[in-house]
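Chemist: Can you read through this structure? Questions will come right after.
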Amino acid sequence: MKDGLVIAIDGPAGAGKTTISKALAKKLNYTYIDTGALYRGFALKALRDGVDIDDDVRVQKMCDEIDLCFREVGGELRLHLGGIDVSKQIREPVMSMKASDISARPIVRKALLGVQRELGKDGGVIFEGRDIGTVVFPDADLKFYLSASVKERARRRYMDFVGAGKRVDMDALINDISQRDKNDSSRKHAPLKQAKDAIYIDSTEYSIDEVVELMITEVNKKL
Ligand code: DC
């Protein structure tokens, strides 16, 4: 028996999905699942073990053996690899492209499909990702596709890094985001695209609160 909606929030990197999903989850008292973190966890494991992501045999072995899960720490779900909290390591700038690359491998997508569906089976969950509304939960109760201009997305990422005391180059960020958009939307398996029944929101001109309010209105219509 489902207790609450399954809400899908898809969109490209830097569109504000994380901040908005977290805020929405807090308002609704729902669980927030960052599916990108799972791909980042796989990328970290591959990097640590020197797995060539084009080598299907080794990638399959890694998928069979990986010990990756979310554990609740201080009221939030943090990603654990081999029992160790790797939430910080997976956020290193280099991990973004690695995750994008590994997420194009069908073996990896297949391994994570069941994991994500299991996490959503009881409802009351907000999933943030790229293919939630199209592949993982095609029957999600509510779907949003959140986007913003490349420049605005790069600016937001820049502010995040500066806030975390890291120096980054704005042009490099614009390049990285454009490249990841291309990677994620042009891959053959479960590419980033808007589900037909998703509500499109361009957050370029909106504040976080405005987007969350807009989403709450849609949630209330469903409830
Ligand atoms: O959301 P993120 O930037 O942490 O995601 C990292 C990469 O993982 C992203 O570039 C593409 C991939 N990804 C995916 O393919 N499907 C998802 N549902 C979530 C992320």
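Chemist: Which cross-chain or sequence-distant (5 or more) residues have an amide H under 5 Å from the amide H of residue 143, H modelled 1.01 Å from N in plane?
Modeler: 8, 199
Chemist: Would you kindly find the accessible area of residue 171, with a 1.4 Å probe and non-protein molecules such as ligands, DNA and RNA excluded, rounding to the nearest 10 Å²?
Modeler: 100 Å²
Chemist: So what J values fall out for the stretch 170-186 if you push phi through Karplus, 6.51 cos²θ - 1.76 cosθ + 1.60 with θ = phi - 60°, rounded to Hz, Gly and Pro as x?
Modeler: Whole-Hz 3J(HN,Hα) from phi for the stretch 170-186: 4, 5, 5, 5, 4, 4, 4, 5, 5, 5, 5, 4, 5, 4, 5, 8, 9.
Chemist: Any chance you could tell me what percent of the C-alpha pair distances in the stretch 99-163 go past 15 Å? Provide the component values of the computation, followed by the final result.
Modeler: On the way: 1317 of 2080 pairs.
When every Cα pair of the stretch 99-163 is considered, 63 percent fall beyond 15 Å.
Chemist: Could you please state how large a percent of the accessible area of the chain is carbon and sulfur, counting protein chains only and using a 1.4 Å probe?
Modeler: Within the chain, the accessible surface is 50 percent carbon and sulfur.
Chemist: If a paramagnetic tag sat 7 Å from the Cα of residue 205 along the Cα-Cβ line, which residues of the stretch 8-49 would have the backbone N under 19 Å from that point?
Modeler: In the stretch 8-49, the label zone of residue 205 (backbone N under 19 Å from the point 7 Å along Cα→Cβ) covers 15-16.
Chemist: Order 69, 63 by their accessible area, 1.4 angstrom probe, all chains in place, largest first.
Modeler: 69, 63
Chemist: Taking θ = phi - 60°, what integer Hz values does the Karplus form 6.51 cos²θ - 1.76 cosθ + 1.60 yield along the stretch 94-111, in sequence order, with x for Gly and Pro?
Modeler: 4, 6, 4, 5, 4, 5, 4, 5, 6, 6, 7, 7, x, 4, 5, 4, 5, 4
Chemist: With every protein chain present, what is the per residue accessible area of the chain (1.4 Å probe, Å²)? Please list the in-between numbers first.
Modeler: Working: 11610 Å² over 223 residues.
Dividing the accessible area of the chain by its residue count gives 52 Å².
Chemist: Here is a further query. Obtain the nm distance between the two label points defined at residue 167 and residue 57 by a simple spin-label model: each point lies 7 Å from its Cα along the Cα-to-C-beta direction.
Modeler: Reported label-point gap for residue 167 and residue 57 is 4.6 nm.
Chemist: Another question, then. Rounded, prolate or oblate: which fits the stretch 172-223, taking a ≥ b ≥ c as square roots of the Cα gyration tensor eigenvalues, rounded meaning a/c under 1.5, else prolate when a/b beats b/c?
Modeler: Here the stretch 172-223 falls in the oblate category.
Chemist: What is the sum of charges, Lys and Arg at +1 and Asp and Glu at -1, for the other residues whose Cβ falls under 10 Å from the Cβ of residue 122?
Modeler: 0
Chemist: Net charge near residue 21, counting Lys/Arg +1 and Asp/Glu -1 over other residues with Cβ under 9 Å of its Cβ?
Modeler: Every neighbour counted, the sum reads 0.
Chemist: Right, something else. Could you list which residues have their amide H under 5 Å from that of residue 78, counting only those 5 or more apart in sequence or on another chain, with H placed in the peptide plane?
Modeler: Counting only residues 5 or more places away or on other chains, the set is 71, 72, 73.
Chemist: If you don't mind, there's one more thing I want to ask. Considering the options 106, 96, 4, tell which one lies farthest towards the positive end of the dipole of the chain, charges being +1 on Lys and Arg and -1 on Asp and Glu at the Cβ, about the Cα centre.
Modeler: Checking the options against the dipole of the chain, the answer is 96.
Chemist: Could you compute the net charge surrounding residue 143? Neighbours are other residues with a C-beta less than 14 Å from the C-beta of residue 143; K and R count +1, D and E count -1. Walk me through the intermediate numbers first.
Modeler: On the way: positive: 17, 130, 193, 196, 221, 222; negative: 10, 128, 131, 139, 141, 197, 218.
Combined, the nearby Lys, Arg, Asp and Glu give -1.
Chemist: Can you compute the radius of gyration and Dmax for the stretch 85-127, using only the Cα atoms, both in Å?
Modeler: Expressed in Å, the Cα Rg and Dmax of the stretch 85-127 come to 12.8, 34.
Chemist: Give 17/222; 45/143; 98/221; 22/61 a once-over and call out the pairs whose C-alpha atoms are over 27 Å from each other.
Modeler: 45/143; 98/221; 22/61
Chemist: Please get the size of the charge dipole for the chain, origin at its Cα centre, with Cβ charges of +1 on Lys and Arg and -1 on Asp and Glu, quoted in debye to the nearest 20.
Modeler: Taking the Cα centre of the chain as origin, the dipole is about 120 debye.
Chemist: In bins 10 Å wide, starting from 0, what share of all Cα pairs of the stretch 67-223 does each bin hold, as a percent?
Modeler: Percent of pairs per bin, in order: 9, 31, 41, 19, 0.
Chemist: Explain nothing, just compute: Karplus ³J(HN,Hα) = 6.51 cos²θ - 1.76 cosθ + 1.60, θ = phi - 60°, for every residue of the stretch 197-211 in order, whole Hz, x for Gly and Pro.
Modeler: The phi angles translate into 9, 8, 8, 7, 10, 8, 8, 3, 9, 9, 7, 4, 4, 5, 5 Hz.
The values are calculated or read from the model by the stated rules, or taken from the named source; none is laboratory data. None of the values given here were measured: they were computed from a predicted structure. As a convention, Cβ positions derive from the backbone with ideal geometry for all residues, glycine included, and neighbour counts pool all protein chains shown. Just the protein is used for accessible areas: all its heavy atoms, side chains included, with ligands, DNA and RNA removed. Shrake-Rupley method; radii C 1.70, N 1.55, O 1.52, S 1.80 Å.
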